[in-house]
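Working notes for the structure below.
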Amino acid sequence: MLPRLFIAITAPTPAVVFYDRANLPDAGLIPTGGVDPGTDAPVALAGDSANLYVIANGSSSTARTLKRFAGPASVTATSTPAVAIPGNVLPLSGITETRLDALGNLWFNNNSPGRVKLLTSAAAATATTGATAEFTHPFEQIFGFAFDSTSRRLFGGQVSGAGLLVWNSADTRTGDAGMHDFVLATMPNAGPLVIGGDRLFSSFFTSSIGVWNQVSMLSAPRAVDFSVTVDGGAGTSPSIRHHGVFHGTLVVTVQINSTTGAVFLYANAASLMMGATPASIVSGPTLGATMRRSILGADGTLYVLDGNSVSVFAQALTTPTFLIDRPTPNISTIHLLE
């Protein structure tokens, strides 16, 4: 039944629906099923083959929850969470992103005021488990984050001038994690961060992504090594809305202009150099005015979230072929299980 594409829906009936065999057009326009149909506004998804984590924002602290579903490949509409942690226990507020690291720790942040929280050994957490640590800055406003499992460093992108902040031994911190250990680079806006191929990638709604090499060795301030710039063509002002590294490929979701979107795919993210050109650019009439994020599957299938639909393209790295567009109202995010 894999790959299974999970789609978080905030309204009118909050739920996390899923499509089985999501890389095939015959999976159709109707979801195979869903989990937790009563969830308040699911806004962040993360997981692995063992667990799916769903964070919901609600109108009250108890409506905000972190739920863990065991065996995401086999969950059904009648599945109940193995654990549900109330938002007043963690606590949760305004969550926008969550990630599960290679060590089994769950990281999540909010954009107001802009802090990063850590829940160690997430699969072992119970309904009374609070956040292990919280990372912040006097200015707050840490929008992007990335944890390097090799060096055990947390990178936080502060967006009002403090720069790209770094905490050493981040997964061993408890409570208030304290001030960052150093500033990797000073920049006006250090936004979304991703680690892949022992490189750190940072962007902030411009046409460029800053790249630092050997992220596992970054132990002191260092300027960006080089930048990757997307070219939307004459007369455009491309804005990068999301970037990620999937199966060794840098996948960049771009708003080309006010009505047109595209996804730029750079193969071999670990060996990119200044002036790199994309292996392919995926575009089409279903990619429009509200580009948000993309996921590249191991088989080369690309899933693009644009507004309230998910467009699916086969052979995205070589000969992109449109398969299907799955309209779904009020999508907050997507997650792929392979």
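Quick note: the coordinates plus some simple rules give every number you see, no bench work behind them. Note that the structure is a prediction, hence the values are computed from the model and not measured. Counting neighbours? That spans all protein chains shown, and the Cβs are built from the backbone with ideal geometry, glycine included.
A search for C-beta distances below 8 Å between a residue of the range 154-173 that is under 17 Å from residue 131 (Cα atoms) and any residue that is among the β-branched types (Val, Ile, Thr), counting only pairs 6+ apart in sequence or on different chains, returns 154/116; 154/166; 171/120; 173/132.
What residue, of 298, 262, is touching a His at 6+ places or on another chain (Cβ under 6 Å) and small (Gly, Ala, Ser)? Break it down into steps so the answer makes sense when it comes.
Values: 262 fails: touching a His at 6+ places or on another chain (Cβ under 6 Å).
When all the criteria are applied, what remains is 298.
Which strands (runs of 3 or more DSSP E) does the range 56-171 wholly contain that include 2 or more residues that are in contact with an Asp or Glu (Cβ under 9 Å, 6 or more places away or on another chain)?
The strands (runs of 3 or more DSSP E) meeting that bar are 65-70, 106-110, 115-119, 133-135, 142-148, 153-158, 163-167.
Are any of the residues in the range 109-120 over 20 Å from residue 215 (Cα atoms), among the basic types (Lys, Arg), buried (at least 20 other Cβ atoms within 10 Å of the Cβ) and in contact with a Phe, Trp or Tyr (Cβ under 6 Å, 6 or more places away or on another chain)? Yes, that holds for at least one residue. Scanning the range 193-229 for residues that are within 19 Å of residue 247 (Cα to Cα) and not in a strand (DSSP E or B) returns 197, 198, 213, 214, 215, 216.
Scanning the range 261-291 for residues that are more than 22 Å from the chain's Cα centre (by Cα) and under 21 Å from residue 328 (Cα atoms) yields 284, 285.
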